[in-house]
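The next block holds one structure in the form of structure tokens; read it before the comments.
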Amino acid sequence: MPRHLERHYAERIGWLRAAVLGANDGIVSTASLVVGVAAAQAAHADILIAGMAGLVAGAMSMAAGEFVSVSSQADTEKADLARERLELTQDPESELAELTAIYVGRGLDAALARQVADQLTAHDALAAHARDELGLTEVHTARPIQAAIASALTFALGAALPLLIAWLSPLTVVIPAVAVGSLLLLAAMGALASSAGGAKVLVGAARVTFWGAVAMAATAAIGALFGTTVA
Ligand SMILES: [Zn+2]
């Protein structure tokens, strides 16, 4: 049997969770916006304009937020690596002892740990310390631009779904159509994220559907209130 056929949830979960969360944000915030504006007795065109503005604004703010947070993570990683590089040149002996201690802590006997530390240090000292001391691996390196684009795209994809339902529905049924359609989408997304992460599917689906329903009910109530008082 070829090595590593078993599938590791952790490897997939990182990017899938971010994608599903981004899409969920898009669905919940745009569906709530559409339901709220519709509840305020707006015209069909105005509902769609508000929804489209919500999609673009949400995608841009997700991108900005992700870029800033991942950039600061990248800055921290760079600073850690620079300090490690300095320590390796200033005090290679205690760095070697530190690496050896890490391998002993992972279960190697002292002699073997020292041998492994020696060989990995000779091969690429910074890479060994980055991976085994700082926990920085190629896979988990912070990529701000990719992260920003990914979260903006997943948000926009999520937001486009309730917007499409609103566009295809006659004005009289926009609210129930968008509400039911979006809740079904959220349940499917929640189930997908849970199954990908090896968690209980129904719990995941119920959790995100519940909060989606609360968000839509709140905006519908406020929309209806504003619709009667402002009109
Ligand atoms: Zn070190």
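The values are calculated or read from the model by the stated rules, or taken from the named source; none is laboratory data. Fair warning: this is a prediction, and the values are worked out from it, not measured in the lab. Positions of Cβ are generated from backbone atoms using ideal geometry, with glycine treated the same way; all protein chains shown enter the neighbour counts. All accessible areas refer to the heavy atoms of the entire protein, side chains included, with ligands and DNA or RNA removed. Shrake-Rupley method; radii C 1.70, N 1.55, O 1.52, S 1.80 Å.
Of the residues Ala50, Ala42, which single one is of a type in the set (Gly, Ala, Ser), crowded, with 16+ Cβ neighbours inside 10 Å and modelled with pLDDT under 95? Break it down stepwise before answering.
On the way: Ala50 fails: modelled with pLDDT under 95.
Checking each option against the conditions leaves just Ala42.
Might you let me know whether segment 137-158 holds any residue that is open to solvent by less than 80 Å² (accessible area, probe 1.4 Å) and over 18 Å from the mean Cα position of the chain (by Cα)? First the steps, then the outcome.
If we filter segment 137-158 for residues that are open to solvent by less than 80 Å² (accessible area, probe 1.4 Å), which is where we start, we get 137, 141-142, 144, 147-148, 150-152, 154-156, 158.
When the remaining residues are screened for being over 18 Å from the mean Cα position of the chain (by Cα), the result is 137.
Looking through segment 137-158, at least one residue is open to solvent by less than 80 Å² (accessible area, probe 1.4 Å) and over 18 Å from the mean Cα position of the chain (by Cα).
Among the residues of segment 14-34, the one identified as open to solvent by 50 Å² or more (accessible area, probe 1.4 Å) and hydroxyl-bearing (Ser, Thr, Tyr) is Ser29.
Checked against the criterion of being open to solvent by 30 Å² or more (accessible area, probe 1.4 Å) and either within 22 Å of Gly51 (Cα to Cα) or touching a Pro at 6+ places or on another chain (Cβ under 8 Å) (or both), segment 197-207 contains not a single residue that satisfies it.
Residues satisfying the criterion are absent from segment 80-93 (criterion: open to solvent by 50 Å² or more (accessible area, probe 1.4 Å), at positive phi and of a type outside the set (Lys, Arg)).
Just name the residue that is surrounded by the most Cβ atoms within 10 Å (Cβ to Cβ) out of those in segment 112-129 that are of a type in the set (Gly, Ala, Ser) and within 15 Å of the ligand (Cβ to nearest atom). Let's see the steps before the verdict.
Taking segment 112-129 as the starting set, the residues that turn out to be of a type in the set (Gly, Ala, Ser) are 113, 117, 122, 125, 127-128.
Of the ones still in play, those that are also within 15 Å of the ligand (Cβ to nearest atom) are 113, 117, 125, 127-128.
On the way: Ala113: 19, Ala117: 24, Ala125: 19, Ala127: 14, Ala128: 22.
So the residue we want is Ala117.
Look at segment 32-47: where a residue is touching a residue at least 40 places away in the same chain (Cβ under 8 Å) and farther than 15 Å from Ala159 by Cα and a partner is of a type in the set (A, V, I, L, M, F, W, C) and in a loop (DSSP other than H, G, I, E, B), sitting 6+ places away or on another chain with Cβ atoms under 7 Å, you get Gln41/Ala231. With Asp75, Asp132 as the choices, which residue is within 11 Å of the ligand (Cβ to nearest atom) and either surrounded by 16 or more Cβ atoms within 10 Å (Cβ to Cβ) or without any contact (Cβ under 8 Å) to a residue 12 or more places away in the chain (or both)? Asp132 is the lone residue from the list that is within 11 Å of the ligand (Cβ to nearest atom) and either surrounded by 16 or more Cβ atoms within 10 Å (Cβ to Cβ) or without any contact (Cβ under 8 Å) to a residue 12 or more places away in the chain (or both).
Residue check: Leu99 meets all listed conditions (1) more than 16 Å from the ligand (Cβ to nearest atom); (2) open to solvent by less than 70 Å² (accessible area, probe 1.4 Å) but one, namely (1). Does Asp91 qualify as being within 16 Å of the ligand (Cβ to nearest atom) and either β-branched (Val, Ile, Thr) or farther than 30 Å from Ala152 by Cα (or both)? The answer is yes for Asp91. Screening Ala221 against (1) touching a residue at least 24 places away in the same chain (Cβ under 8 Å); (2) surrounded by 20 or more Cβ atoms within 10 Å (Cβ to Cβ) leaves a single unmet condition, (2).
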